[in-house]
1. What does the extension gain come out to for PHE114 and ILE94, with contour length at 0.36 nm per residue minus their alpha carbon separation?
2. Could you report the chain's accessible area per residue, 1.4 Å probe, as an integer in Å²?
3. Going by alpha carbons, how many degrees (0 to 90, nearest 10) lie between the helix axis of 10-24 and the longest principal axis of the chain?
4. Through the Karplus equation 6.51 cos²θ - 1.76 cosθ + 1.60, θ set to phi - 60°, convert the phi angles of segment 89-105 into ³J(HN,Hα) values in whole Hz; use x for Gly and Pro.
5. Give the Cα extents of the chain along the principal axes, in whole Å, largest first.
6. Among all the lysines, which ones have a C-alpha under 20 Å from LYS116's C-alpha, if same-chain residues fewer than 8 places away are not counted?
7. Kindly provide the helix-only [θ] at 222 nm of the chain, computed as the sum of -39,500 (n - 2.57) over DSSP H runs of four or more divided by all residues, to the nearest 500 deg cm²/dmol?
8. Please report, largest first and rounded to whole Å, the three semi-axes of the ellipsoid equivalent to segment 51-104, where each semi-axis is the square root of five times an eigenvalue of the C-alpha gyration tensor.
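The values are calculated or read from the model by the stated rules, or taken from the named source; none is laboratory data. Note that this is a predicted model, so its numbers are computed, not measured. For the accessible areas, the whole protein counts, side chains as well, though only heavy atoms, and no ligand, DNA or RNA atoms are used. Shrake-Rupley method; radii C 1.70, N 1.55, O 1.52, S 1.80 Å.
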Amino acid sequence: MANEFHSFDDKSVQAALDAARAHFDGALDATAVNPADDGHLAVAGGCIAVTVENGKVCLNLPLGIGKYCLPIPSIIPNGTAAEACLHICTTFGIPTGVRVTISVAGKVIVTKTFGKC
C-alpha cells in the first residue's frame, strides 16, 4: 500500500512568509542595518496531524520542495499518531528552505532541514 503524503495548510505557510517579509520591510536601508543581524529568520508555518506508516511519515512540502518521507525509529509502531511541524527559513525575508520536526507524544523524534536554514 502506498504511503499517504500529508500537506501543510497553504494559509499557514503564506502567513509565515508574510511575517518574515514584513519583519525586514524597511530594515534594509543603511540607517537601520544592525551588524549583529545576519538576516536569517525561521517562522512557524504550522503543524499537522500525521500517522506513522511503514516506518515513516510522508509529507508534501511547500516552496516547490515536493514530496519526502522521513524515517521513524522502529520503536514507534505503524499507526502511531504523530505531529509534523514546519518552519519556513528565510534570509532577509526571502524563503531559503524549510525545517520539519516530527513529534510523538509531545517529544521530537525527527528533525530534517531542506534547503538553507
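1. Numbers: separation 20, 0.36 × 20 = 7.20 nm, distance 1.48 nm.
Value of the extension gain: 5.7 nm.
2. Values: 6620 Å² over 117 residues.
With the other protein chains kept in place, the chain gives 57 Å² per residue.
3. Here the helix axis deviates by roughly 30 degrees.
4. Rounded to whole hertz, the list is 9, 9, 10, 6, x, 9, x, 10, x, 9, 10, 10, 10, 10, 10, 10, 6.
5. 56, 24, 20
6. Within the straight-line cut-off, LYS116 pairs with LYS67.
7. On the way: 1 runs with 15 residues, N = 117.
So the helix-based figure for the chain works out to -4000 deg cm²/dmol.
8. Values: eigenvalues 132, 23, 11 Å².
Those come to 26, 11, 7 Å.
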